[in-house]
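Accompanying notes for the structure given below.
The values are calculated or read from the model by the stated rules, or taken from the named source; none is laboratory data. Predicted model, so just to flag it, every value in this text is computed and none were measured. We place every Cβ from the backbone using ideal geometry, glycine too, and count neighbours over all the protein chains shown. The accessibility values were calculated without ligands, DNA or RNA, using every heavy atom of the protein model including side chains. Shrake-Rupley method; radii C 1.70, N 1.55, O 1.52, S 1.80 Å.
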Amino acid sequence: MKHKKAMAASMLSMLILSLVFTGIGVTLVKKIDDGTSKHYDKQLCKQSVIMNSNWRIPISKIERHDLDCPTRYVTFNKKNVVIESRNFKDTQKIKCGNLGNRKDQECYLKEANRIISKLLFDCWDQFAAGRIEVLDAWDEKRQCVLCSRFEFSEEVQEAFKDTIGDLKVQHSEFGQSSNSDNFPLDNYMHANKPKLHKISYHDYIMDPVDVFRTPFYDYNLVEPYAIVFKAINEEQGGVLLEGIWESIKGTDFVLNPFYEKKKDYQEEEPEFINIMDLIKYDEVAGQCDSLA
């Protein structure tokens, strides 16, 4: 009798342990899935960028693999930020109170700058920091990839109506704040670094044009903005400021790092530069002829 009771107790213990470990396993799998799905679109893009660059027909440079870089659509609400793309939807909390006082608003702008800096970093990073040739090297159209689009909801605009209104952050009272490392966005990007990097966000995303035309990153709260990657070849050099293409060619910057002098068709190899811009969303159509 005692033996049966002992067996029953042992089986019950095993059942309890099994349920506990099953619960832990399910939670772990869910966390792993959440962690990978939130970054899946970037990794998918990076893989397609490499294949787009490497799998080209010699001389003609015709693409044999399309880019697969889904746009991220970002909406900043008072209590959270919603990030959506083809592959996922993620909601991240913003714990900055009700935005009814200066402290809450400073907290909110800092969080917004952190997220936007990461979006800029991701765009440039997924294209190998502009160092490889993508898209059609001979196409005379202005080719772009819309990496991200972000906007602030009406409830956020209303909360900042008296402190920022329709101004850019730089020209608002926050632009003269003693907490100058956090805003405007340009200050934040100079003062902070991407994870596992030793240089700032601002330095990391510098493209060849930025050497001649140093960008200043900022935004207002009333208009949507876009982060755009642009592939420009010599035929499109006119879209840059006058003289910049020739100036870049005269520097040590490698326009095409995979250009091999030993190739018989070296004279046919096109030159290119890749750049990235933060612009108002309604300006995208005027700066891009096609979106990949």
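Which ones in the range 92-118 are open to solvent by less than 70 Å² (accessible area, probe 1.4 Å) and assigned to a helix (DSSP H, G or I)?
Passing the criteria: Asp104, Gln105, Glu106, Cys107, Tyr108, Leu109, Glu111, Ala112, Asn113, Ile115, Ile116, Ser117.
Restricting attention to the range 131-148, which residues are within 13 Å of Phe229 (Cβ to Cβ), touching a helix residue (DSSP H, G or I) at 6+ places or on another chain (Cβ under 7 Å) and surrounded by fewer than 20 Cβ atoms within 10 Å (Cβ to Cβ)?
The answer is Ile132, Arg142.
Go over the candidates Lys193, Lys168 one by one and state the one that is in contact with a strand residue (DSSP E or B) (Cβ under 8 Å, 6 or more places away or on another chain) and within 29 Å of Lys103 (Cα to Cα).
Unique residue meeting the criteria: Lys168.
Identify all residues within the range 158-208 that are over 16 Å from the mean Cα position of the chain (by Cα), assigned to a loop (DSSP other than H, G, I, E, B) and among the basic types (Lys, Arg); write none if there are none.
Matches in the range 158-208: Lys161, Lys198.
When you check Val254 against the structure, is it open to solvent by 10 Å² or more (accessible area, probe 1.4 Å), of a type in the set (Val, Ile, Thr) and at pLDDT below 90, yes or no?
yes
Spot the failing condition for Glu155; the list is (1) touching a strand residue (DSSP E or B) at 6+ places or on another chain (Cβ under 8 Å); (2) in a helix (DSSP H, G or I); (3) open to solvent by 60 Å² or more (accessible area, probe 1.4 Å), and only one is missed.
(1)
Within the range 81-91, which residues are open to solvent by 40 Å² or more (accessible area, probe 1.4 Å) and either of a type in the set (A, V, I, L, M) or without any contact (Cβ under 8 Å) to a residue 40 or more places away in the chain (or both)?
Glu84, Lys89, Thr91
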